[in-house]
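The structure appears below as C-alpha cells.
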Amino acid sequence: MFEGLRFSHWKTERGNDGIVVLSFDRAGASVNTFSRAVLDELGEIIERLAIEPPKGVIVRSAKSAGFIAGADIREFEQYEKTGSVLESIQNGQRIFERFARLPCRTVAAIHGHCMGGGTELALACRYRVASRDPSTRIGLPEVKLGIFPGWGGSARLPYLIGAPAALEFMVSGRNASAENARAMGLVDALASPELLVEKARELILHPAPRPLKQRALAWATNLWPVRQVLARMVRKRAAAKANPAHYPAPFALIETWRRGGGLGSRLNNEARAVAKLAQTSTARNLIRVFLLQEQLKSLGSGEHGIDHVHVVGAGVMGGDIAAWCALRGFQVTLQDREMKFIQPALERARELYAKRLKTPERITPALDRLRADVDGAGVAAADLVIEAIYENLEAKQALYAKVESQFHEGELLATNTSSIPLDQLSSGLQRPQLFLGLHFFNPVASMPLVEVVTHDALDAEATRRALAFCKAIDKLPVPVKSSPGFLVNRILMPYLLEAMTLYSEGVPGPVLDKAAKRFGMPMGPIELADTVGLDVCASVGKILAEFLGLDLPKGMESLLESGKRGKKDGQGFYIWQDGTPVKPEVDPSYQAPADITERMILPMLNESVACLAEGVVANADLLDAGVIFGTGFAPFRGGPIAHIRSEGAAAVKARLETLASRYGKRFAPKDGWDRADLA
C-alpha cells in the first residue's frame, strides 16, 4: 500500500490482520503538533488508504510525551499575519473529513495529552480508546486562544456526546481525564498504556454500538427547537463568567452551533467563524500570552540537582510551598518552632492531595514525601532551603546565619520575601553567590508564577538551577532583578493603594471591584486586598510606598488597629462567609466618578514602564508575562506593555499627566515613556 513512499512525520505498519497502525512522530520535535507539512503528509496517506481500504486504521503517537498537543501555534500566528487563516482551517477540515469518510473502521489510541487538533482528529475517527494513565488528558482548549475548535471539533462533538456536555466542554476550555472522557461518551473504551493498541484492534474487529441513551441524547439535544432554547441558556451562563466584548469566542461558538445544519454546513460555518475570531485583538493577544507561557517554560531547561527541599516557616505560604513541592515529587521537610504551627500545613496538604490525586494509592506517597521537622534536621540534607518566615530583615538574617553553617557544597538558599531587596538580605552571608529569591504567589496551588529574584553577587549556575527547579514543580519562572517589590508586587501595589484611596474618598468597594473587572481584572482590588490580607498589604505597602513616593491611604492604619485582616479572619473591607465576600448593596442612584478605572489602572501601566526602564526584567515580553501570570492582568489585553502599545504610549502618558494635574504627583509619568519598544 505504501511501498516506495517515505514520510517524515508518519510511520505506517500493516499487520497480518489487515489493520494499519498509523504512528505520528513529528520530526525534530519533542511533542506532536500539526503543521502544514504534517497535514499534507496525512492527506497523502489518506488518499492511499481510500484507494486500498484496510481492515481498519489505528492512529497513535510514537512519542512518549503524549498523543497530539494540537496545532502548531507559531505557524497559526503566521497564517493570521498573512491573512490565510480561512484557507488553513478549511485545509485541515478537508483532511479530517476525508479521514472520517474512509470506508473502514478507524480508532484513535490516546495516551498522554490530546488537545485541540489532536482531539479533533480523534473525533474524526469512528472510535476512541484512551489509556488509564494519569497523564492522559483530553481537551478542546481553543477558547483560551480566543478562537474555538475549527477542524470539525465544534461540528462533531455535540452530535457525539450531546449538546449540553459538548458546549460546556468547549466553552470552558477544560480538559478531561480518560475516565471522565469515557463517562461523557467522548471515549469508547479504556485500557492500560501497554494494551492500548490491542484494545484499539479489538474495537475494529469486534465493534460495539454506542449506548442507546447516548445516541438518543445526541439526537434530541441537537434538534432545531432545542438548539434555540439551549443556546440562550448556555449563552447566559457564559456571560456570567466572561464579557462577550472581551472574550467573543465562547459566544461565537454557541451561535455557530445554534445555526446547525448538515455536517457540510456546520463545517463551513465553523471555519468562517473561527477565521473571523482569529483577526480580533483578543485572539492575537491570547495567542501571544500562550507563546509567552511557552517562553517562560523554556527558561527552565537542564538539570537542577535538587532532590530534597527544606522549607522554614509553616505559615500559609511556607506550608503551601512545601506541600506543592512534595506533590511534584520532591522530598520535603517543613520546619517551624513547634508542631502546632506545622500541623495546619499538613492538613491543608492532605486536602490538596485529595483534590488533585483522588486515590489513596497516589495520595499516600505524596503525604509520605512531606515530613514535619521541628528541629530543622533537614537543613543539612537538603539541596535547597526555602525561607518563608515573616517579613522582617533582622529575623531573616538571623535565620540565614543559623542554617548556612549546616549547608553542604552546592546547597541553595532561597527566600520567599515579597518585598525586601536581596542585597539587604544577603549582607553577612558566607555564600551570597548561592542565595536568591523564589517568590511564590498565594494561593500557591493555583498561581502559576514564581519570580526568580537575582542580585549582583549571584552565580549564573545557581540561577539556571533555580529556573530548572521551577519547571520541575510545574511553575512558570520569570527572572527579575532585586528591587523593592520586585516586579509583580511593585506594579500591583500602586493599583491597590489607589483603589484604597478611592475607597477612603467614599467610592463603595463593590463599585471599584466592578470597574476593575470591567477592565478585565480577574478580581476587584478591594476584594483582592481582603484576600491577600490587609496586614500583608500594609506590610508590603509601607515598604513600597516609601520607595515609590506614595502615601498609605487614609483609614488604613485604623482598619488594621481594629484587628480586621480580611478573608483570613472573616472581616476586612468586606465581611467574609464560607470564603466568599458579602458585598454591601450600593445605592442605585450612586454615580461613581468617571475616572475611577483610569485612576486604578494607569498607575500599573506607569510602574510597568518604570520597571522596564530600570531593567527589573530583561524585556517587555517577560514583563507582560510576569504581570499576567502573577496578577491575572486582563489576558485579552496582552499585558501592560502590549496594552500601552495598543492604546498608544503618547496617549496613555497624556492621560497620566491629566490625572497628575487633578490629583497630584503620584500620577506623574515616570522615566521610560519615550522608549522605542513602547511604539
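Laboratory data are not the source of any read-out in this text; all were calculated from the coordinates shown. For clarity, every value in this text was computed on a predicted model and none was experimentally measured. Virtual Cβ from ideal backbone geometry, glycine too; neighbours counted across all protein chains shown.
Based on DSSP, what percent of beta bridges with both residues in the range 10-279 are antiparallel, to the nearest 5?
Bridges in the range 10-279 that DSSP calls antiparallel: roughly 25 percent.
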The local net charge around L299, scoring Lys/Arg +1 and Asp/Glu -1 for residues other than L299 whose Cβ lies under 13 Å from its Cβ, equals +2
Percent antiparallel among DSSP beta bridges confined to the chain, rounded to 5, stands at 25 percent
Only helices counted: for the chain, with every DSSP H run of 4 or more residues adding -39500 (n - 2.57) and the sum spread over all residues, [θ] at 222 nm is -15500 deg cm²/dmol
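Could you work out the local net charge near G56, counting Lys and Arg as +1, Asp and Glu as -1, over the other residues with Cβ closer than 10 Å to its Cβ? Before the final figure, lay out each step's value.
Numbers: positive: K55, R105, R126, R201; negative: D17.
Net of charged neighbours comes to +3.
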Set K340/K481; K144/K567; K340/K568; K402/K471; K340/K554, cut-off 26 Å on Cα-Cα distance; pairs above it are K340/K481; K144/K567; K402/K471; K340/K554
Taking Cα pairs closer than 8 Å and at least 6 residues apart, the relative contact order of the chain in percent is 9 percent
The answer for the chain, counting only DSSP H helices whose Cα atoms cover 27 angstrom or more along the axis and whose Kyte-Doolittle average is 0.5 or greater, is 596-614
The long-range amide H neighbours of L412, using H built 1.01 Å from N in the peptide plane and a cut-off of under 5 Å, are L384, V385
If amide H atoms are modeled at 1.01 Å from N in the peptide plane, then the residues at a separation of 5 or more from T221, or on another chain, having amide H under 5 Å from its own are A163
Here the net charge surrounding L552, from other residues whose Cβ is less than 11 Å away from its Cβ (Lys, Arg +1; Asp, Glu -1), is -1
By Cβ neighbour count within 10 Å, fewest first, Y590, Y79, Y247 rank Y590, Y79, Y247
Listed by chain and number, the lysines with an alpha carbon less than 19 angstrom from that of K653, same-chain partners under 8 positions apart left out, are K665, K670
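Using only the alpha carbon atoms of the chain, find the Kirkwood hydrodynamic radius as the inverse mean reciprocal pair distance, in angstroms to one decimal.
27.4 Å
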For K236, the aspartates and glutamates lying under 19 Å Cα to Cα, once residues fewer than eight places off in the same chain are dropped, come out as E168, E255
Counting sequence-distant residues (5 or more places) and residues on other chains, those with an amide H built under 5 Å from that of V450 are L476, V478
